[in-house]
Amino acid sequence: MKTLKPILLLVLGVVFTMTSCRTEDDLSIDPPVEQTIEASSMVANLMSRTATNDGSSDNIIDSASCLSVQLPVTVTVNGIELVINDDDGYEDIEDIIDLFDDDVDSVVVSYPITVILTDYSTVVVNSDAELEALGENCLGENENDDDIECIDFQYPITASVFNANNDLIDTIVINNDNEMYDFIDDLDEFVAVTINFPITVIFADGNTQTVNSIQELENAIETADDTCDEDDDNDFDDDDCNDCTTNDLETVFADCAEWTVDKLERNDNDLEDNYVGYTFEFNNDGTILVTQGTNTFNGTWSAMGSGNNISVMINVTGLSDFNDNWNLHEIEQEPGEVKVDLRLGDDRLRFESDCTSGGTTVDDTALVNALTTGDWYVTYFFDDTDETADFSDYVFNFASDNTATATDTNGSTNGIWSTTSGDETVLGLNLNFGTTIPLDELADDWDVLEVTNDIIRLKDISGGDGSEDFLTFERTPFSGGNGNDNLTTILSDGLWVVASYTEDTDDQTANYSGYQLNFDSGGTVSASNGTNTNNGTWSVFSSGNQMALNFGTDIPFNEFNDDDWDVISVSDTQVVIQDVSGGGGGTDTLTLQKI
């Protein structure tokens with residue numbers, strides 16, 4: 001809403017009055033020329049562009065820097081509903097988008113919403129089509145907004161309004177960009193207007209300048225224009241290293257002794273699977289030691305710059321895929337995991353570490369003991385489709401020196417293995433048998449779902465659409481069975497109780513005391529304690545590796561509602577399932593015991 005329009009009537013009234021009956025008591029001041037601002041002048045245009053509504057901060061929602069969405073607004077990001085109340089909410093959207101690489105991300109807006117345009121007027125928008133049309137209309141063919149974001153006014157600023165007789169008729173106090181924009185827009189309604197100097201302007205780097213005249217103000221704005229990244233594009237994560245320093249990088253490399261390759265993309269080729277089992281150590285003397293089984297590679301690294309302009313030079317003899325002058329894109333630190341993301345154009349390199357000086361923190365003794373004893377066979381491999389038969393002729397042996405062999409009628413193929421922390425489970429297993437088909441499909445950092453002396457079950461969330469792959473080793477060759485395809489039969493035979501239910505470290509088992517669950521083979525399930533009954537549905541899919549439960553709103557079993565529980569272990573009397581929940585990554589574990 002513009003607040004200056006009523007002044008026009010005041011100006012006209014005063015002009016008529018002063019013209020007909022002016023006395024020597026009237027206040028007559030010649031406005032100083034160097035402080036006078038005229039409509040449509042260069043400085044007026046620059047001031048208007050500086051005060052224009054900047055809509056770039058919420059481009060992750062509206063994809064248009066020339067408009068902004070009035071908060072609060074509700075959006076659904078990759079199936080997760082968020083209410084955005086402030087600028088921090090845009091970071092929450094980005095965090096969900098960054099959960100998986102190269103998947104198809106979606107931000108769905110809950111309409112209607114109110115959109116604020118460049119002149120601070122508002123429009124109610126009811127659909128994606130209307131929002132897109134508004135953006136195209138204000139951006140124009142150049143797809144760029146015209147605002148100036150590299151300099152700001154320090155408010156309040158005072159302006160004086162004069163009539164035709166040079167009488168001071170009003171003093172206007174301008175408190176924010178909206179009022180400044182309206183003030184410039186109303187200049188043609190005034191006879192003469194001056195800015196009461198000095199004023200202060202603030203540059204993008206935080207420095208300030210005192211301005212004493214219209215000419216100095218014009219020069220300051222012109223000089224500042226285009227001197228900073230206005231972040232008007234839709235690369236929502238290109239400013240993740242605003243506060244990064246080379247010391248930050250040196251610190252995480254010093255604190256985390258062992259790094260693995262989480263992502264490597266060169267010339268549109270995904271190469272990370274080629275480096276499963278490779279361990280990188282970045283030393284504070286600028287050297288790199290890379291270990292792969294009994295092989296070692298030596299190199300150097302260095303970093304210079306600040307913020308989003310830190311370059312990281314890597315040079316490792318024998319590993320040319322890594323050698324380049326990369327740009328530090330982000331340092332992401334979460335409990336138990338640190339990632340260093342490097343970019344170079346469309347190429348990408350990301351290292352990750354669980355930040356332990358001695359390797360994995362998990363108790364991997366059972367896995368190592370089982371894996372390195374006797375022969376193993378692939379009895380289940382699922383990658384979009386069931387491809388188990390491709391491995392039916394192979395016998396696998398894993399040695400204690402982290403080497404491995406896969407033998408079929410054509411001979412042996414050498415590989416490597418190592419244990420680590422899993423992405424979604426406590427324990428992980430890295431496998432790499434090189435590029436030989438089909439063994440190249442096994443190269444990955446697998447999450448360990450189950451380990452006994454007779455079975456090792458693994459899972460991996462693949463790139464792209466975030467689909468899940470499953471791999472099972474057993475002591476006897478493949479016989480045509482798939483995964484836990486007997487889980488449906490086991491659950492539908494008899495009654496079950498909740499032996500344990502935890503959400504992270506929060507044990508909620510007591511909420512289910514006295515309840516008995518009856519899984520009907522037709523896909524319904526009931527849970528009753530004699531006085532309260534919860535009814536729901538259940539299903540088993542992915543050849544028994546995943547399970548869905550849905551009790552609707554029935555309390556307390558609605559806590560179990562999820563369509564992708566991972567089956568951790570199965571026996572005739574016990575079933576353990578687990579789920580890593582959305583944004584926060586918390587882990588729910590449910591153990592069912594047969595009565």
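Go through Ile93, Ile37, Ile84 for me and flag whichever is surrounded by 15 or more Cβ atoms within 10 Å (Cβ to Cβ), under 14 Å from the mean Cα position of the chain (by Cα) and of a type in the set (Val, Ile, Thr).
Ile93
I'd like the full set of residues that are surrounded by 15 or more Cβ atoms within 10 Å (Cβ to Cβ), more than 15 Å from Gln35 (Cβ to Cβ) and under 48 Å from the mean Cα position of the chain (by Cα), limited to segment 156-183.
Asp177, Asn178, Glu179, Met180, Tyr181, Asp182
Restrict the check to segment 124-141 and report whether at least one residue is in a strand (DSSP E or B), at pLDDT 90 or above and assigned by TED's automatic domain parsing to the domain that holds Asp62.
Among the residues of segment 124-141, at least one is in a strand (DSSP E or B), at pLDDT 90 or above and assigned by TED's automatic domain parsing to the domain that holds Asp62, which makes the answer yes.
Of everything in segment 388-413, what is of a type outside the set (A, V, I, L, M), surrounded by fewer than 19 Cβ atoms within 10 Å (Cβ to Cβ) and part of a strand (DSSP E or B)? Give them in sequence order.
Step one: of segment 388-413, the residues of a type outside the set (A, V, I, L, M) are 388, 390-394, 396-398, 400-403, 405, 407-413.
Among the residues that remain, those that are also surrounded by fewer than 19 Cβ atoms within 10 Å (Cβ to Cβ) are: 390, 392-393, 397, 400-401, 403, 405, 407-413.
Within segment 388-413, Asn397, Thr403, Thr405, Thr407, Asp408, Gly411, Ser412, Thr413 meet the criteria.
Here's the yes/no breakdown for (1) free of Cβ contacts under 8 Å to residues at least 60 places away in the same chain; (2) under 18 Å from Ala257 (Cβ atoms):
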| position | (1), (2) |
| --- | --- |
| Asn298 | yes, yes |
| Asn308 | no, no |
| Leu319 | yes, no |
| His329 | no, no |
| Leu349 | no, no |
| Ala370 | no, no |
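Can you confirm whether segment 222-242 contains a residue that is farther than 21 Å from Asp152 by Cβ, part of a strand (DSSP E or B) and either modelled with pLDDT under 90 or out of contact with any Cys (no Cβ under 6 Å at 6 or more places or on another chain) (or both)?
No, because not a single residue in segment 222-242 is farther than 21 Å from Asp152 by Cβ, part of a strand (DSSP E or B) and either modelled with pLDDT under 90 or out of contact with any Cys (no Cβ under 6 Å at 6 or more places or on another chain) (or both).
Test Ile148 against the stated conditions and say whether it is assigned to a loop (DSSP other than H, G, I, E, B) and closer than 15 Å to Ala44 by Cα.
yes
The values are calculated or read from the model by the stated rules, or taken from the named source; none is laboratory data. What you see is a predicted model; the values in this text were computed from it and never measured. Ideal geometry is used to build each Cβ from the backbone, glycine not excepted, and the neighbour counts take in all protein chains shown.
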